[in-house]
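I have placed the structure first, in the form of structure tokens, so that the comments after it can refer back to it.
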Amino acid sequence: MKIIYSWLSDFIENPPPAAELAAKLGRIGLKVEEIKKTGASFSGVCVAQILKIDKHPNADKLALVDVNDGKVTMRVVCGAKNIAVGQKIPFAKVGAMLTGGELKKAKIRGVDSEGMLCSAAELGLEGYDSSGILLLPDTTAIGVDAVTLFPKADYTLEVEMLPNQSHCLSHYALAREFCVFYGYKLKEAAIFEGKSSGEVVPVHINVPDLCPRYGAIVIKGVRGAKTPAWMADRLRAMGSNPKGNLLIDGSNYVMYELGQPTHCFDISKLAGPKIIVRRAMPGEMLKPLDGQAIKLDAGMLVIADASKPVALAGVMGGFYTAVSEETDAILIESARFHPPTVRLASKTTGIKSESSYRFERGTDPELPKKAARRLAKLILEAAPGAEIEQISDTCPVKYERPVVEIDPARVNAILGTGIADGEIYACLKAFQPDLKDSKPWKFTVPSYRQDIETIWDVAEEIARYVGYDVIPAVSHMPMLPSAVTAQWAVGLEMKNTLAGLGFSEVYNYDFVSVKEMKACAFYADMALEVKNPLSLDYQFMRQSLLTGLLKTLRYNLNRGRETVQIFESGTVYAKADAGKTEQVHCAGLMAGAFPEGGFWQGGQGATDFYHLKGMMSRIFSGKGGFRFEKPKSAPGYFQPGLCLEMKLGGNSAGYVGKLSPAVAAAFDFKDNNIFYFEIPLDSMAAAWKPDFWQKITKIKAVSAFPQNWRDLSIVLEEKHEWAELERSFSGVQDLASARLIDVYKGKNIPAGSRSLTIRFTFSSMAGTLNDADVGARMTAVLEKLAKNFGAKLRS
């Protein structure tokens, strides 16, 4: 939230400098994220008039401008496009101090420039168009110091507001918090103190549980009330665009000042005139101030006149009862609404406003009256002929401030501290000056602190008051030894291995849209739907990590990355008979050039299926029973024929392959060379060994006798996979390895068949194998291949 230092200082007697104040706020849990100097802090700038504009002899986009400051005429070089003869502009002379530092005399493209025509940004001014030179009104006197034309130098503090800090959502509230904790004297805002017993617009509250208080002030004679310049400057600094109409700007000003939203109705547009706070009726419509007409739900809380809704309570006023320049009589609304009701209406209609932001978090029950009188005071000052005809405060549900018994020993037990009783009492007395020193203390919670309900809440405030550093940084709680689960262990091992292989870990949301699911060939009826999604982009829980990784890939490629290797470990969700299932998966993808940065000898290739397949072999190395198999039913996002199922023992350990062109196109990739894997960690956890000795590969004796190898070329039908052939070699005597070294289809090979060349290596622990021994073993191999696969020796 933006806070203006000078505005905050209006409520603090003898405030500290801005930097010191920001540091003090941080100590009590109100983090100041940024301090920015604003206003007119420049010097050496005067008002000048443009007399003549000539082309620059050496630059097409620059001009030579003659300006007069009331005493002398000077020539400057300028590149702005919005200048014209006769305009009055801020002119910085040589030596002027601007936001960029001291202005020095310069020669630009061969021409001396005796100063500079300034934009708002160069003067450090916010809320103005900085695309060109800042143009001043024609009535501005030439030669006057330009610093006098703008708000004085000030500071803007950007304060982080947490969800439980709704009591600090205004300048006055922040000043009050500061004064309570640091002992400064709090100053009050000036309000209208008069009385009025008339009733021009009766107020009826039909739902007191949703609107326990409704304040109304009726003022007549407000036509033409203009927003004062000082108020417009403050609103502009807050990021709000002042309208010039005090009835609108004044409401915004009071909200930023006190934290209580108010609203002005044009009484001439109210049927009755009458105000009724009720629930919306079926079929009712409302056109809000800034949008199209909306259909109201029956449960919404509305402000209505005698015939129709005129505002969505706590969210936004209606278009047809809005004030204008012709408005003469107004009703100031200042009320308290039920936070969940306001939140639901705001979310249902999609209307977010500064008003709903505050009402959703809860407002001070005792503030509506004060805020209405503050706005009335501002209007009466700007419209001296205005008169107040009604001041009403309808309060069907009286607010009673809760009382909490405070025992100092209990506070110290909660905090784990030894704070003296006197310090605790001083803290409570800062909140409640009339607190009696009689234990246990009867602490009456301030109305603006709706978050304080129990002694636990009070103990937290005491810790803030005394300082969190008094809480010892030790724990007397016995610590239980941590236990490593199999799933956590294999997940960490996989992350480290992937990082070592050049992958980068990413994190994505668990939520996906219908469009993203369909793009990845998932079915919406198998997905878990979120009951209250933030938007349609987050409507379902993900069934795979693929969607998030593809979005991350697109993000990186769009920013110039040539090589992307990323992985993610996270939860995936699916429907089940019992409701839902959750599993932790690890998935990753590769795309682009390979390796990143090229080979050390020069050159660079492209990522392909075998790169990722090799990395999967590295991840599963040492895991007994790991193998690749042709999948019986591969996920729909893989390209047919370019996907393998990974097996670990008898269980599936995931899939690896190339994504289909349809998936790549759905995510706007021009190249579909994207290779992906996804592994359920449960499969690896089942094979996890907790002890080190169980993880290492067992040593095997090496034969002292030389190896023999033979190449065998066979012809067989294409339907037979290499993995099937490889498994059939088990049991062949003295076979050390069998490796596929060539695949051929073409001339002299029958259609539907292919030629495979396999290199067999034999080794015996008993002695050297001669040609006859190896020949006998090769004959056995060929017989197996012929019997099981119909293979024939290639001639």
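The values are calculated or read from the model by the stated rules, or taken from the named source; none is laboratory data. Remember, it's a predicted structure, so these values are computed and weren't measured experimentally. With ideal geometry, Cβ positions are generated from the backbone for all residues, glycine too; neighbour counts draw on all protein chains shown. Ligands, DNA and RNA are excluded from the accessible area calculation, which covers all protein heavy atoms including side chains. Shrake-Rupley method; radii C 1.70, N 1.55, O 1.52, S 1.80 Å.
Would you confirm whether any residue within the range 360-370 is over 27 Å from ASN532 (Cβ atoms), in a loop (DSSP other than H, G, I, E, B) and open to solvent by less than 10 Å² (accessible area, probe 1.4 Å)?
In the first step, residues of the range 360-370 are kept if they are over 27 Å from ASN532 (Cβ atoms); the result is 364-370.
Restricting the remaining residues to those that are in a loop (DSSP other than H, G, I, E, B) gives 364-366.
From the residues that got through so far, the ones that are open to solvent by less than 10 Å² (accessible area, probe 1.4 Å) too are 365.
Scanning the range 360-370, I find at least one residue that is over 27 Å from ASN532 (Cβ atoms), in a loop (DSSP other than H, G, I, E, B) and open to solvent by less than 10 Å² (accessible area, probe 1.4 Å), so the answer is yes.
What number of residues within the range 604-623 are in a helix (DSSP H, G or I) and touching a helix residue (DSSP H, G or I) at 6+ places or on another chain (Cβ under 9 Å)?
Residues in the range 604-623 being in a helix (DSSP H, G or I) and touching a helix residue (DSSP H, G or I) at 6+ places or on another chain (Cβ under 9 Å): 3 in total.
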Identity of the residue in the range 491-527, over 12 Å from LYS551 (Cβ atoms) and in contact with a Lys or Arg (Cβ under 6 Å, 6 or more places away or on another chain), that ends up modelled with the lowest pLDDT = MET526
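Return the only residue of ALA634, ALA587 being without any contact (Cβ under 8 Å) to a residue 24 or more places away in the chain, closer than 30 Å to GLU726 by Cα and surrounded by 17 or more Cβ atoms within 10 Å (Cβ to Cβ).
ALA634
Would you be able to tell me the number of residues in the range 580-603 that are among the hydrophobic types (A, V, I, L, M, F, W, C) and assigned to a loop (DSSP other than H, G, I, E, B)? If you could, list the steps in order and put the result at the bottom.
Of all residues in the range 580-603, those among the hydrophobic types (A, V, I, L, M, F, W, C) come to 584, 586-587, 589-591, 593-594, 599-600.
Then drop every residue that is not assigned to a loop (DSSP other than H, G, I, E, B), which leaves 599-600.
Total meeting the criteria: 2.
Of LEU344, LEU435, LEU428, which residue is farther than 24 Å from PRO163 by Cβ and either β-branched (Val, Ile, Thr) or in a helix (DSSP H, G or I) (or both)?
Every option except LEU428 fails the conditions.
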ask   = If a residue has to be in contact with a strand residue (DSSP E or B) (Cβ under 6 Å, 6 or more places away or on another chain), assigned to a loop (DSSP other than H, G, I, E, B) and of a type in the set (A, V, I, L, M, F, W, C) to count, how many in the range 472-527 make the cut?
value = 3
task = State whether the residues of the range 631-638 include one that is over 20 Å from TYR555 (Cα atoms), outside any loop (DSSP other than H, G, I, E, B) and at pLDDT 90 or above.
result = yes
task = Quick one: in the range 637-654, of everything that is in contact with an Asp or Glu (Cβ under 9 Å, 6 or more places away or on another chain) and open to solvent by less than 50 Å² (accessible area, probe 1.4 Å), which residue is farthest from PHE522 (Cα to Cα)?
result = LYS647
note = Quick count over the range 159-183, residues being open to solvent by 50 Å² or more (accessible area, probe 1.4 Å) and at pLDDT 95 or above, is 0
remark   = Scanning the range 19-46 residue by residue, those within 33 Å of the chain's Cα centre (by Cα), crowded, with 20+ Cβ neighbours inside 10 Å and either at pLDDT 90 or above or not in a strand (DSSP E or B) (or both) turn out to be LEU21, ALA22, LEU25, LEU30, GLY39
key: Test for ILE294: is it at pLDDT below 95, among the β-branched types (Val, Ile, Thr) and either open to solvent by less than 70 Å² (accessible area, probe 1.4 Å) or within 39 Å of the chain's Cα centre (by Cα) (or both)   = yes
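Take the conditions among the small types (Gly, Ala, Ser) and touching a helix residue (DSSP H, G or I) at 6+ places or on another chain (Cβ under 9 Å) and apply them to ALA686. Does it pass?
Working: among the small types (Gly, Ala, Ser): yes; touching a helix residue (DSSP H, G or I) at 6+ places or on another chain (Cβ under 9 Å): yes.
Criteria met by ALA686.
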key: 1 or more residues closer than 30 Å to ILE4 by Cβ and of a type in the set (Lys, Arg): qualifying strands (runs of 3 or more DSSP E) within the range 47-164   = 88-98
task = Give the residues of the range 440-483 that are farther than 22 Å from TYR182 by Cβ, surrounded by 10 or more Cβ atoms within 10 Å (Cβ to Cβ) and at pLDDT below 90, sorted by residue number.
result = PRO472
query = Pairs, please: C-beta under 6 Å, at least 6 apart or cross-chain, first residue free of Cβ contacts under 8 Å to residues at least 40 places away in the same chain and in the range 110-132, second surrounded by fewer than 19 Cβ atoms within 10 Å (Cβ to Cβ) and in a loop (DSSP other than H, G, I, E, B)?
reply = SER119/SER130; ALA120/TYR128; ALA120/SER130; ALA121/SER130
query = Can you name every residue in the range 440-468 that is of a type in the set (Lys, Arg) and in contact (Cβ under 8 Å) with a residue 60 or more places away in the chain?
reply = ARG449, ARG464
Selection within the range 426-439 - free of Cβ contacts under 8 Å to residues at least 60 places away in the same chain, within 41 Å of the chain's Cα centre (by Cα) and open to solvent by less than 50 Å² (accessible area, probe 1.4 Å) = ALA426, CYS427, LEU428, GLN432
remark   = Of the residues in the range 438-471, those that are within 28 Å of GLN260 (Cα to Cα), assigned to a loop (DSSP other than H, G, I, E, B) and small (Gly, Ala, Ser) come to SER447
